1. Across the range B:64-91, what is the total count of residues that are crowded, with 24+ Cβ neighbours inside 10 Å and not in a helix (DSSP H, G or I)?
2. Give me the residue from the range A:133-165 that is within 14 Å of chain B (Cβ to nearest Cβ) and of a type in the set (Lys, Arg) and, out of that set, nearest to A:LEU344 (Cα to Cα).
3. What's the number of the condition B:ARG192 fails, among (1) in contact (Cβ under 8 Å) with a residue 60 or more places away in the chain; (2) more than 21 Å from B:ALA95 (Cβ to Cβ); (3) surrounded by fewer than 24 Cβ atoms within 10 Å (Cβ to Cβ); (4) away from chain C (no Cβ under 14 Å)?
4. Quick test of your reading of the structure: B:THR169 fulfils all but one of (1) buried (at least 20 other Cβ atoms within 10 Å of the Cβ); (2) within 12 Å of chain A (Cβ to nearest Cβ). Name the failing condition by number.
5. Of the conditions (1) buried (at least 16 other Cβ atoms within 10 Å of the Cβ); (2) touching a Leu at 6+ places or on another chain (Cβ under 9 Å); (3) part of a strand (DSSP E or B); (4) not aliphatic (A, V, I, L, M), C:ARG14 fails just one. Which one is it?
6. With the requirement that a residue be in contact with a Lys or Arg (Cβ under 9 Å, 6 or more places away or on another chain) and facing chain B (nearest Cβ under 9 Å), what does the range C:91-100 give you?
7. Inside the range A:350-369, can you point out the residues that are under 14 Å from A:TYR143 (Cα atoms) and surrounded by fewer than 19 Cβ atoms within 10 Å (Cβ to Cβ)?
8. Counting only residues that are away from every other protein chain (no Cβ under 11 Å) and within 13 Å of the chain's Cα centre (by Cα), which one in the range B:227-246 is surrounded by the fewest Cβ atoms within 10 Å (Cβ to Cβ)?
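The values are calculated or read from the model by the stated rules, or taken from the named source; none is laboratory data. If you're wondering where the values come from, they're calculated on a predicted model, not measured in any experiment. Ideal geometry is used to build each Cβ from the backbone, glycine not excepted, and the neighbour counts take in all protein chains shown.
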Amino acid sequence: MVSRRLFARAAVAAGALAFAAGTLVSAPVYAAKPLKIGFSMALTGGLAGAGKAALIAMEIWRADVNKKGGLLGRPVEFVYYDDATQPAKVPPIYTKLLNVDKVDLVVSSYGTNEIAPAMPIVMRKKLVFPSLFGLAVNDEFKYNRYFQIMPAGPEPKTDWSKGFFELALEQNPKPKTVAIVSADAEFALNAAAGARKNAKAAGFIVVYDKTFPPSTTDFSPIVRAIEAEKPDLVYVASYPPHSVGMVKAAREVGLKAKMFGGGMVGLQFAAIQKNLGPQLNNIVNYDFWVPEPTLNFPGVKEFLAKYQEAAKGKGVDPLGHYLPPYAYAYLQVLEEAVNATKSLDQGKLAAYMHKTTFKTVVGNVKFGSNGEWATSRVLMVQFRDVKPNDMAQFAGPGKRIVLYPKAWKSGDIVYPFNQ
Amino acid sequence: MFRNRGDVVFWIVLGAVLLAGFGVTQTIANEYYYTAIYAILQATIMAVAWNILGGFTGYVNFGSAAFFAIGAYTAVALDKWLGLPMPFLIAASAAVCGLMGLGVGYLTLRLKGVYFAIATLAMAIVLETLINNWDYVGAAKGVYILTPEKVPFFSSYIQLLFMVMLALTLGSIAISRYLNASRIGRGLAAIRDDEVAAECAGVPTLRLKLISTTLMGAMMGVAGAPYPFFVTFVDPISAFNLFVAVNSIAMPMIGGTAHWIGPVIGALLVGGAQEVITVTVSSELNVLIVGIMLVLFITLAPQGIVGLVQKWMKRRKR
Amino acid sequence: MSAPILKVSGVSKRFGGFTALDGIELELGASERLGLIGPNGSGKTTLINCISGALTNDAGSIVFEGQDITRLPPHRRAALGVARSFQIPKPFRSMTVLENLRVPLEYAARGRTERRRIDADALEVLELIGLKNRAHDSSAGLTQVDMRKLELARALAAKPKLLVSDEAMAGLSSSEVDEILEILLALNGRGVAVIMIEHIMRAVMGFAQRLVVLDAGRKIADGTPQDIIRNPDVERAYLGE
C-alpha cells in the first residue's frame, strides 16, 4: 500500500526527471567539442588588480577568437581558478586542470611567484607554457617550451636597465656618477643588480648603492642621502608604493640629478600617473607599451577600446596600457601557433613558437632559445607636459615619449632632468 | 602505547590509513588528488602543532606559523649546502624549530595572555626580517627548488611527497593523542585552566610550558620541511603568509581545542572546504570561508565541533 | 615543642616603597593548628604567599622540615609538602571534580603516591571532604561551598604536611562554616599542620591552638587564643586607640 505522501514525492521526482531529460534532449548539440585553455590567475590577494585586468584582456581575446570560428573549428573555453596570490595553491590548480578538467592547453598565472610553482608540472607533461610577466623564471628551470611575453629580453636582469644607461652615455657632457637604490624585495633587487652591471660596463662610478625595507613610507631621508652624493644619474628599482614615495620625495628635496628613474614599477599605472601628475615630468622610466605613434601596432587600439569599456567599474587599471595588451598577446601567440600547425601537438607548437616571429597587438614577438624575447624591448619613456589631475591625457600620445630603443623612438630626451 | 583497547583501535586505524595511502599511490595516478590532499595534510600537522601550545596549554600564539617558514628555509638551506635526502631535512627542521620553540618560549612565557600573543607576533616579524636578509636562501628574491623527474616506488614525485606528508601527519596526531592522555597532558590542562593553582598543585609550569613550545615548534618545522619541494619556489612573503598562520589557529578552534582530535577534524573540514572551493566556486568566497566559520564557531560553539559532539552525546544518555 | 615543621625567620617583603612584611618571626610545630589573624592589610596574605612561594621575600628565610625553601618555586614546595588553598576558589574548570584531584596527586604528591592508586586516593579524599557523590561532575558547576571544599580537597590530595588555608569560610552560612571546620579538623587529625587565615572569630577561636596576630606588617602577638583576647596590643590593632 503506497502512502499518499510517498506517492506525491515519487510524482515530483518523476516530473523533475522528465523535465531534465527534456532539457537535455532539446538542448542544441554543439558541432564540436570545446577547446579548453586552463590557467590559474590571481583574482584575490596582493596581485588581484593585475590578475583581474589580465583576465579581462584574456576574455576579450576569447570573444575575438570565437567570432572567427574558434581554434581548429572548436569554440574556446577557459577553465581557470583563483590562486589568491598564494604560490601553494598553484600546484593543486594545475594538476586539477590537467588531470581532472583535462584542458587542451595551459598558460600561466601572473607574476613570478605564481608561475614558478607550475613549472615542474608542465615540464613533466612537456606542455607549451606561455607565461605572463615573470622575471627570469626560466633561468632556473631551463625549459625549452617556456615562452615569456614580457619583453624583458634574453638577459632579463640586465636588459631591464640597459636603455637607461645607454641613454645616459649619449649625453654631452657625459655623466660620471650614478646612485642605485632599490626596495629590498625580489624584482627590485634583480633590477638593481642588473643596473649595477650596466653602470660598471658603461664606466659610471657608483656613488650610492643601498636598499630600503619594503615597508618604508618616508623617502625624504633616502633622497637626501642620495642628493648628498651629488650623483649625475639616479636609478630606482621599486614597487608602486615606493615609486610614488620616491617621486614625491625627489620633488620635495629638489633632486638635482641629470637623469632620474629607471625601474620604478607603478609609474605605468593610470591611477598613479593621475595622482603624481606634473611631478612625473622628465622622469625617464621603463614601460612596455605607450600610446605613441611608433607603437601603433595592428589591433592594439581596437583592443584597448574594448578593454577600457570592459574595465569600467571593475577596480582595475582604467586605461590598461601596461599588462592587458600583453595578456591578449600571449594568447595570440598560442592562437597563431595552433592555427599554423593545425594541431595541439605540444612538440609541434613549441617548435613553431621558437622559430616564428608573431604579429600581435604588442608588435612583432620573437622568442629566443631560453623562452625570453630574442631582443629586449624594454622601453625607456620620458614623461612630458603632464598636466595635473587628468587621467585622460595619458590615453593618447605626447605624454610618455619613447626614447629607447631607437627603433621605437618617438622624440628626443629632455636632459638634464632638473630643468 | 597499548595501554587499553582504545589504543589498539587507534593504532590499527593509523596503520590502515597509511597502508591505504600507499595503496592509492600504486593505483591512482591522477596527480590532482595528491596535491590537494598534501595541502590538507600540511594544514593538519600545523593545526595539531598549534593546538599543543594554544589548546592544551592555553597559550594562544600568533607567531607559530613562523616556525613553519623556518622549517621550510632550514630544508632549503641544507638541501643547497649538503643535498641531504628528505628524512634528514625533516629531522633537521624539527631540531632547529624545536630549539627555536624552546628559546622563544623561554623569552616570552613569562608574559601572560595578550602580551604573550603579541610577543609571538613580534617574533614572527623578526624572523621574517632575518630571512629577508639571508642571501644564501635567496633573501627577498626567493629561491627555486628543482625536484627530481623520477622517483623510486612511485610514478611521480608528488606521490612521494604525499606519502611523506601522510606519515608525518599520522605521526604528529599520534604524538598529540599520547600527550593529551598523559600525565604531562593533564599538567598542561591544569596550566590552561589556572596556572597559579597548577603551580601550587605541584605542576612545574615553566618546564611544561617550554616542553609545549618546543614540541609545537618542532612539529611546525616538520610541516614546513617538505613545503619547498611542493611549491618549488619559496620567498619570505609566501612562506610567512598570514593566511597560513590564521588557518593554523582557526582549524583547532573550529574543531575543538581541548581534545587531540579537534584540530584534525578542523583541518579536514576547513582545509577540505578550502581545497574544494578553490577549484569550484573560485571567488572571494574562498577567502571568506575561514573567517565566517571562525566567527560562527567562536560565538555559537566555543568548544568546537568536539564540544558539540560531547554535548549531543550527553543529551542522548539522558 | 619538638623540631618545628616550619620556621619563618626575619621575613620582610617590600613592594616599591611600601613595606608589607617587616621581620616576621614564626614557628610552627608538626600537626599544630595555627590561626593567623589581623586587620585588613596587615600582611597575612603576603606572608602566606611567601610561605607557599607565590612571592619571594626580600629578606629572611623560610625553613620547612629543616630545608631552606626561600628560593624554591611553588611547585617544588608543593612537592615537599606545603599546600595552599585560595581565598577565591580556583578549580580546573575543564576537569571533573575527580580529575581536579589527579593533578596534585600526579605532581605534588608524586613521590608519595603509587600510580595505580591515584584514582583510589582521590576518591578517598573526596569521601573525607564529602564530595564523593560529585566525583564525576564538572568542577565548573559546583555550589559555592562545594567549590571551597574542592579547594581543600585539592590541597589535601597533594598529601601535604602543612596546609595554609586562606579564608576558606568567608561568606558561608553558619552550618557551612561548621562543615569546613570539620574537614580541617579531620585533616589535622591525620597529621597535617594547618595555618588558617580567617576573619570569622568563632571559627578561629574554636580551631586554633595558637594565634599569631599581624598588624601593619609586624607580628604583634603570638600565644593561645585566651592570651590573645586579653592582649591590649591586639585590642588596639583591631579597635584603634
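1. Going through the range B:64-91 one residue at a time, the tally reaches 1.
2. The qualifying residue nearest to A:LEU344 (Cα to Cα) is A:LYS142.
3. (4)
4. Looking at each condition in turn, B:THR169 falls short on (2).
5. (1)
6. Listed by number, the residues that qualify are C:PRO91, C:PHE92, C:SER94, C:MET95, C:GLU99, C:ASN100.
7. A:ALA351, A:HIS354, A:GLY368, A:SER369
8. For the range B:227-246, the residue satisfying everything is B:VAL246.
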